[in-house]
Amino acid sequence: MKTVKTIGINSNQPVGRGFNFPYDIAIKEDLGKSRTIYLLNRSNSATRMGTRIQYFTYEEDWIGEFGNPLEDDEAKFTRPVTLAFDNSDQLHVTDEATDEIKIFNSEGKFQRSIKLDSDSQGNGDRFGPAGIAIDSGDFIYVSSRYLNLIQKLTPEGRVVKEWGGTGGGPGEFSMPWGMDVDSQGDLYVADWRNDRIQKFDSEGIFLKTYGESGRGVGQFHRPSSVAVDANLNVAVADWGNERVQILDNAGSVINVLEGEATLSKWSHEWLDVNLDEREARNRADLKVLDLPDHLKNAYHEASQTEHKFWGPVSVKFDSENQLYVTEHSRHRIQVFEPAS
Amino acid sequence: MPESQIELIAHLARRAGFGATREELEEYGKIGYEGTVDKLLETSSPQWMSEYLIRRYHPDESSMLAGLSGLEAWLYRMITTDAPLLEKMTLFWHGIFATGYPKVLNAKPLSDQIRMFKKYAMGDFRDLLVEMARDPAMIIWLDNQQNHKDSINENFGRELLELFSMGVGNYTEDDVKECARAFTGWTIGNCEYMELRSARDSDWPYGRISWHYEFDAQDHDDGEKEFLGRKGNFNGEDIVEIICEQEATARFIARHIYHFFVADEPPVPQWPYQPPRDPEAINQIVQAYFDSNYDIKSVMKFVFNSDFFKSEDCWYEKVKSPAELVTGVMRLTESVDRPQYEHSSRQLRMQYMGQTLSNPPSVEGWDGGTTWIDTGALVERMNFASEELGKLETPGSKELFSKIAFEGNGEVEADRIIDICLKHLGTINVKDDTRSKLVDYASENGVIRVIDQEIDDVGKEKIAGVVKLIASTPEFQRA
């Protein structure tokens, strides 16, 4: 993969363009014409003032936002996690604090919500919906971080299949997070605390595991998101290792990305009106890395630089196999394309 | 083990940690008092709630945008750690080397400073002082990035002597200047850009970039200096070596240790004018400091095993800081086993009680002692402890109910209820008149009856009422 561009800018304002701990994106494509990106701002724990969804074009033309806690009760979020469009451009958003999936149209108008059963296993724990994926038949897959299972739902929210359980064996989970469905209808789950990706068919039959715990190539540390391109290559947000790994469908690593951010259009616009900061920035070496012992790891190194991934929480492909990596701690999206 | 030994270990647990449950105390009892001291001092592989787990639920707590939100992660760590003394030592050094967000304006370097304290908290005091001088947040906090070879800024040099090591009155103004000269060139990487961004509280374009220490040899004054009667081409490390050799340093640190771990002393600015509460104890700590070649862990071992520490005269002689109170209460509830939506408010409650970590009132830190108590803060402290400990559904409350139910079917005497509750809340010794009021309260609210080893909801509410009252007693609010 090679870098294409960087999108976004950081802002801690509760309204307007600018990202605030972005957690996921969904891409709405009008094939051959335009791509609109919907970005979920998780925002800060204490105030949630910036919690909302913003949407804008691939070219960074701002369109609007919705779901702000300052808005009406039905639409607002508490702890939103992931996004997915169905085949009618209805945007589905999981909220792990309220145990529901909220559904909006592409203009951000709230449509309805699906309440998830908080006690389906009778242990008194909450569902905690994390990842979401929707297949070509509009069946919804949602992962539960607390119950360690996957539910398959009809578009109306009726459970048609449920599988999983707590553990590290095949088909078991430990705090699963992001998911994706490939073109053949198979489901991929970021099995977060088990440091692996699991693949299932649409009926929940276990097919395969990718990766294991570790810091080496082909190993993962707390993977948060997975995406599959048209060639069935698998991108994994190797979140705890501050990198993204691309695997072929058999599991061989094709690429390891650590981030190559450039200045986005919005960032250039800001620096154009803050010239002294641009000049000081140009004189700085933002790749320098000589850290004391207690700060020598990927997380701290990422915090000291600007080009590297910091908190690569979500991976998504568009129809041209371009990869979008959303970083919550750098408040931006880095876009990559397949090497020719 | 006799109850008196459990009570002594409970005193140790309040001071070297955040208190302990009865079950923890009984476990400690099996290895005895000195064994418990050794166990608490063993902090080489502490376990606490995974930072990845925290980061997944609160991504802001490991980043830099949301001012003080990294402190919520520290609060999680204090509540869930199995090495409470390490957290107490970190709080101790944070109170002395107090560094505040309002000037630093970058949360990650402040979190990194707390990480640094944890690494060096119980090692050689020289190492801690050198790392503190290299700490990026400290450099910005005390302007050492503006301390240049051809124009010194003495701010860091002065505070190193006045507040961090020797105390006022033990050095001259010339010593301050020579000290500052030795630390010229101790700065942060990309200083110009980082300073500009920090001064503007600027988040752009992709959030704050963290800081790292950099030594600028071109800007360092390596000429001869005269410091505390010694001459040489001293650099910062040499200055720290000389400082640590001083008896004034040993006395200053000894009094801080006594103030934080043994019994409240007056605020630091009064120290030159008021003798220590227990001069002989200070002498003994000074001796331990030199005998151990400035090893803080050895000094703490000496303090915890000393007669002056174990003496009942100093039990409950310290007012818990808000950080200690909030942490101790949440540990007793045993309810924080995962990141929680409600967690952010706990940090805010601490703030309402008068303490925001990494935001001290001044470079002198918090005065501590009775200054924690004013009418507003006291109400907030009692309300917080009562609300959290009075919740019926926490694992801590359920454990208490099962202990009372274990008494057997029938009515449980009020006196016995009070006994069980006081033990459950960390083996607290209350004064006789306090105890008698607690018994009266338990009696007046009707009997608590156990049927089939269960207590009904009304009975549980009554027990929770007793717990809330105990949480408001002076003994619970003190350590």
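The values are calculated or read from the model by the stated rules, or taken from the named source; none is laboratory data. If you're wondering where the values come from, they're calculated on a predicted model, not measured in any experiment. Here the Cβ positions follow ideal geometry from the backbone for every residue, glycine too, while neighbour counts run over all protein chains shown.
Say we look at the range B:90-118 and pick out the residues that are of a type in the set (K, R) and under 15 Å from the mean Cα position of the chain (by Cα); which of these is surrounded by the most Cβ atoms within 10 Å (Cβ to Cβ)?
B:K118
Could you please tell me which pairs satisfy a Cβ distance under 8 Å, a separation of 6+ or placement on different chains, a first residue in the range A:267-283 that is closer than 21 Å to A:R17 by Cα and within 8 Å of chain B (Cβ to nearest Cβ), and a second residue that is in a helix (DSSP H, G or I) and charged (D, E, K, R)?
Short answer, once both residue conditions are applied: A:L271/A:E277; A:L271/A:R278; A:L271/A:R281; A:E277/B:R197.
With the condition kept exactly as written, say whether any residue in the range A:291-309 is at the interface with chain B (Cβ under 7 Å from one of its Cβ atoms), under 28 Å from the mean Cα position of the chain (by Cα) and either more than 20 Å from B:Y213 (Cα to Cα) or of a type in the set (D, E) (or both).
Scanning the range A:291-309, I find at least one residue that is at the interface with chain B (Cβ under 7 Å from one of its Cβ atoms), under 28 Å from the mean Cα position of the chain (by Cα) and either more than 20 Å from B:Y213 (Cα to Cα) or of a type in the set (D, E) (or both), so the answer is yes.
Are there any pairs, at least 6 apart or on different chains, whose C-beta atoms fall under 7 Å, with the first in the range B:449-462 and part of a helix (DSSP H, G or I) and the second surrounded by 19 or more Cβ atoms within 10 Å (Cβ to Cβ) and of a type in the set (A, V, I, L, M), and if so, which?
So the pair list comes out as B:G459/B:I448; B:K462/B:I448.
Working only within the range B:132-175, note down all residues that are part of a helix (DSSP H, G or I) and within 19 Å of B:C244 (Cβ to Cβ). Quick ask: steps written out before the conclusion?
Initial filter on the range B:132-175 (part of a helix (DSSP H, G or I)): B:132-134, B:136-141, B:144-146, B:155-162, B:173-175.
Within the range B:132-175, B:M132, B:A133, B:R134, B:M138, B:F156, B:G157, B:R158, B:E159, B:L160, B:L161, B:E162, B:D175 meet the criteria.
Of everything in the range B:183-224, what is among the charged types (D, E, K, R) and modelled with pLDDT of 90 or more? Give them in sequence order.
The answer is B:E192, B:E214, B:D216, B:D219, B:D221, B:D222, B:E224.
From the list B:G354, B:G376, B:G328, which residue is outside any helix (DSSP H, G or I) and either more than 14 Å from chain A (Cβ to nearest Cβ) or at pLDDT 95 or above (or both)?
It is B:G354.
Got a sec? Which of A:V181, A:V236 is among the β-branched types (V, I, T), crowded, with 24+ Cβ neighbours inside 10 Å and under 25 Å from A:V256 (Cβ atoms)?
After applying the criteria, what remains is A:V236.
Looking at the range A:325-339, which of its residues are in a loop (DSSP other than H, G, I, E, B), within 14 Å of another protein chain (Cβ to nearest Cβ), of a type outside the set (K, R) and at negative phi?
If the condition is that a residue be in a loop (DSSP other than H, G, I, E, B), within 14 Å of another protein chain (Cβ to nearest Cβ), of a type outside the set (K, R) and at negative phi, then A:H328, A:S329 are the ones that fit.
Here are the criteria: (1) in a loop (DSSP other than H, G, I, E, B); (2) modelled with pLDDT under 95. Tell me which single one B:D82 does not satisfy.
All conditions are met except number (2).
Consider B:I239 carefully, then state whether it is farther than 30 Å from B:F309 by Cβ, away from chain A (no Cβ under 14 Å), of a type in the set (V, I, T) and within 32 Å of the chain's Cα centre (by Cα).
yes
Take the residues in the range A:268-309 that are touching a strand residue (DSSP E or B) at 6+ places or on another chain (Cβ under 8 Å) and under 19 Å from A:R330 (Cβ atoms); name whichever of them is modelled with the highest pLDDT.
Per the stated criteria, the residue is A:F309.
Would you check which residues across the range B:422-448 are surrounded by fewer than 20 Cβ atoms within 10 Å (Cβ to Cβ) and part of a loop (DSSP other than H, G, I, E, B) and list them?
Of everything in the range B:422-448, those that are surrounded by fewer than 20 Cβ atoms within 10 Å (Cβ to Cβ) and part of a loop (DSSP other than H, G, I, E, B) turn out to be B:N429, B:V430, B:K431, B:N445, B:G446, B:V447.
Has the range B:180-199 got at least one residue that is aliphatic (A, V, I, L, M), buried (at least 19 other Cβ atoms within 10 Å of the Cβ) and within 25 Å of A:K287 (Cα to Cα)?
Yes, because at least one residue in the range B:180-199 is aliphatic (A, V, I, L, M), buried (at least 19 other Cβ atoms within 10 Å of the Cβ) and within 25 Å of A:K287 (Cα to Cα).
Conditions (1) more than 14 Å from chain B (Cβ to nearest Cβ); (2) assigned to a strand (DSSP E or B); (3) surrounded by 15 or more Cβ atoms within 10 Å (Cβ to Cβ); (4) touching a residue at least 12 places away in the same chain (Cβ under 8 Å), marked per residue:
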| site | (1), (2), (3), (4) |
| --- | --- |
| A:Q13 | no, no, no, yes |
| A:Y23 | no, yes, yes, yes |
| A:S43 | no, no, yes, yes |
| A:H92 | yes, yes, yes, yes |
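Consider B:V326 carefully, then state whether it is within 30 Å of B:E162 (Cβ to Cβ) and either assigned by TED's automatic domain parsing to the domain that holds B:G100 or touching a residue at least 24 places away in the same chain (Cβ under 8 Å) (or both).
For B:V326, the condition - within 30 Å of B:E162 (Cβ to Cβ) and either assigned by TED's automatic domain parsing to the domain that holds B:G100 or touching a residue at least 24 places away in the same chain (Cβ under 8 Å) (or both) - is not met.
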